[in-house]
Amino acid sequence: MARIGIVSDTHGLLRPQAVAFLQGSDFIVHAGDIGDPGILDALNAIAPVTAVRGNNDTGAWAGRIAETAVLQAGAFRLLVVHDLAQLGIDPAAAGFDAVVSGHSHQPRVERRGGVLFANPGSAGPRRFRLPVAVGEIVVDGRSATARTVELTLGPVARR
C-alpha cells in the first residue's frame, strides 16, 4: 500500500493545515500553479514530489518544471497535468490508472473508463466561495481509492 498526497493551486501559499494533512505520504503530487519554488522544497521534506507547471507558474524556476509528469508507485501509473482540458491523450489506452489535475480549484474524484480522475482543489488562497482542499490516493497494487478533504482554516485576522 502507498499513500499519495495530492495538492494543487497553492499560488505561493503552503498552509500549515495542508502540510499536516500531507504528513505520512509516501509520495506527493503537486498539480501546478505552485507559485513559489520554496513550496516544492517544503513538500520534498515530507516525501518525494512529482510536480507539473501550471499556467501561473512563470520565471526561470518554473521553466524547469514539465507540463506533464508520470508517477509510478509500484504497478500503479499516475499521470499529472495542471489543466485537464490539456490532457491530449486517452489515459486508459496509454496505460494509466489515474490522472491528477488542478486548475479549476474545484475538488473532485471520479472514475471514467476505468481511470481514476482526482482534482484536489486549491490549497492556496481561497477563490470565490470554493473550498480550500487537498486530497489523497491510497494505492493497493493497481487499484486505488481517492478522496478530497476540505481544510479547516483558522479565523482570518482583521485590521
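Taking Cα pairs under 8 Å and at least six residues apart, what relative contact order does segment 2-150 come out at, in percent? All intermediate terms of the calculation are to be shown ahead of the outcome.
On the way: 393 pairs, mean separation 37.6, N = 149.
Once normalised by length, the contact order is 25 percent.
Would you mind giving the three semi-axes, in whole Å and largest first, of the ellipsoid equivalent to segment 2-150 according to its Cα gyration tensor?
21, 16, 15
What's the extension gain from residue 153 to residue 106 if we count 0.36 nm per residue and subtract their Cα-Cα distance?
15.2 nm
Given points 7 Å out from each Cα along the Cα-Cβ axis, report the residue 44 to residue 58 separation in nanometres with one decimal.
For the pair residue 44/residue 58, the computed spacing is 2.5 nm.
Using the charge dipole of the chain (Lys, Arg: +1 at Cβ; Asp, Glu: -1 at Cβ; taken about the Cα centre), state which of 106, 42, 79 has its Cα farthest towards the positive end.
106
Quick check for me: using +1 on Lys/Arg Cβ and -1 on Asp/Glu Cβ, what's the dipole size of segment 2-150 about its Cα centre, in debye to the nearest 20? Walk me through the intermediate numbers first.
On the way: 13 positive and 14 negative charges, 54 e Å.
It works out to roughly 260 debye.
Here, each number is a calculation from the coordinates, and none is a lab measurement. This one's a predicted model, so the numbers in the text were calculated from it and none came from an experiment. A quick note on method: Cβ atoms are made from the backbone with ideal geometry, for glycine too, and the neighbour counts reach across all protein chains shown.
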